[in-house]
Amino acid sequence: MDITTNPITMLPTVPEQVLPSASTLTSTAAPIVLAGATGGLGLLIAHHLRRRGATVRALVRPESSRKAEAESLRLQGVEVVETNFNSVADLTRACTGAACVVSALSGLRDSIVDTQTRLLDAAVAAGAPRFIPSDFSADFTTLPEGSNRNFDLRREFQRRLEKAPIQATSILNGMFMDLLKGQAPVVLPGPRRVVYWGDADQPLDFTTMVDTANFTAAAALDPTTPRFLRVAGEVATIRGLQAAASAAAGHPFKLFRVGSLGVLQSMIKVTRTLMPANDEVFPPWQGMQYLHNMLSGQAKLPTLDNARYPDIRYTQVRELLAR
């Protein structure tokens, strides 16, 4: 789920951690190829790959190669390669020699299905052994078709990915915890309320963008990853969010139950009818669909792989809200 935080200003706030030496992380000098590297999550993935000693090749569109994000990548020692994302041949050249191709592309069908398919075809043609798609979400594999437009696009790409002769690993991280700072209408500092639908005791998965990027960087350098890796910086209920918000703010928050999940579903239908905004990645109804998926428990991560990379210390909700 995307957020609009400026990734460049986020970089100095990444907490320092004790990392293994680069020699223990990968046995090859082959680069990690990263698409979508100038986006919010992509820039953070590149940053953590470099901190782990990886060689990183960032694929950027020509119009993005002179922007501040691309310059930030260069300053970190990333090789920035201008690439025509509409050309499989150009993408294949850019992916040649890669140890792993990581996609942090964001958008709708043209990005998640069409462009990612070309990137996948290029990775296969270039002989890259591994591919990490741009999933980074709650567990969309358990949801019914039509319950979330953006998840439907990821499922459509997944069907193509499953047929490709490449080792694929999807990273599922629940909701980006950062959204609790304002973009997700759940924790409301003004009225001191935690808003929800359904059951206040339903467990929910949250991971910050920084922690997701760090986990992704570790996975990109790990040749033994399975088809899915699942991570959650914190699993919290609505009541848990209430306690975290109260502790972070130093004054009590109250719960506000708007209604049942059926009420939320009706609100989604009305909002989508009145404000379709179908060309936006996250119109209001899309965010509501995401909340419904999580609050229903259908998108809950069944198991967690947090311990796979023990050097990562995960940010807790209380820490995030206190910043």
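The values are calculated or read from the model by the stated rules, or taken from the named source; none is laboratory data. Being a predicted model, the structure only gives us computed values, none of them experimental. Cβ placement follows ideal geometry from the backbone for every residue including glycine, while neighbour counts extend to all protein chains displayed.
For a quick check of your reading: which helices (runs of 4 or more DSSP H) sit entirely within the stretch 18-104 and have at least 2 residues that are more than 20 Å from Tyr309 (Cα to Cα) and at pLDDT 95 or above?
It comes to 40-51, 68-75, 88-95.
So is Asp178 crowded, with 22+ Cβ neighbours inside 10 Å and touching a Lys or Arg at 6+ places or on another chain (Cβ under 8 Å) or not?
The answer is no for Asp178.
Which condition number does Ala184 fail, the rest of (1) aliphatic (A, V, I, L, M); (2) in a loop (DSSP other than H, G, I, E, B); (3) modelled with pLDDT of 95 or more; (4) assigned by TED's automatic domain parsing to the domain that holds Gly287 being met?
Unmet for Ala184, out of (1) aliphatic (A, V, I, L, M); (2) in a loop (DSSP other than H, G, I, E, B); (3) modelled with pLDDT of 95 or more; (4) assigned by TED's automatic domain parsing to the domain that holds Gly287: (3).
Being out of contact with any Pro (no Cβ under 7 Å at 6 or more places or on another chain), surrounded by fewer than 21 Cβ atoms within 10 Å (Cβ to Cβ) and closer than 30 Å to Asp110 by Cα: is that true of Gln265 here?
Details: out of contact with any Pro (no Cβ under 7 Å at 6 or more places or on another chain): yes; surrounded by fewer than 21 Cβ atoms within 10 Å (Cβ to Cβ): yes; closer than 30 Å to Asp110 by Cα: yes.
Yes: the conditions hold for Gln265.
Quick check on Asn150: is it touching a residue at least 60 places away in the same chain (Cβ under 8 Å), within 20 Å of Ser111 (Cα to Cα) and part of a helix (DSSP H, G or I)?
Spelling it out, Asn150 is indeed touching a residue at least 60 places away in the same chain (Cβ under 8 Å), within 20 Å of Ser111 (Cα to Cα) and part of a helix (DSSP H, G or I).
Determine whether Ala217 is buried (at least 22 other Cβ atoms within 10 Å of the Cβ) and under 24 Å from Ser296 (Cβ atoms).
no
Being over 30 Å from Arg50 (Cα atoms), out of contact with any Lys or Arg (no Cβ under 9 Å at 6 or more places or on another chain) and of a type in the set (Gly, Ala, Ser) is the filter here; which residues of the stretch 221-279 pass it?
Residues satisfying the conditions are Ala236, Gly240, Gly250, Gly259, Ser260, Gly262, Ser266, Ala277.
Does Val281 satisfy the condition of being modelled with pLDDT under 95 and surrounded by fewer than 19 Cβ atoms within 10 Å (Cβ to Cβ)?
Yes, satisfied.
Are there any helices (runs of 4 or more DSSP H) wholly within the stretch 260-323 with 2 or more residues that are among the β-branched types (Val, Ile, Thr), and if so which? Full working, then the answer.
Values: elements: 261-274, 284-295, 317-322.
Per the criteria, 261-274.
Have a look at Asp114, Asp135, Asp152, Asp139 and point out the one that is at pLDDT 95 or above, farther than 20 Å from Lys300 by Cα and in the same structural domain as Ala220 (by TED's automatic domain parsing).
Asp114
Within the stretch 154-173, is even one residue of a type in the set (A, V, I, L, M) and closer than 18 Å to Met288 by Cβ?
Looking for residues that are of a type in the set (A, V, I, L, M) and closer than 18 Å to Met288 by Cβ, one finds none in the stretch 154-173, hence no.
For the stretch 127-149, name all the residues that are surrounded by fewer than 21 Cβ atoms within 10 Å (Cβ to Cβ) and of a type in the set (S, T, N, Q).
Thr141, Thr142, Ser147 - these are the residues of the stretch 127-149 that are surrounded by fewer than 21 Cβ atoms within 10 Å (Cβ to Cβ) and of a type in the set (S, T, N, Q).
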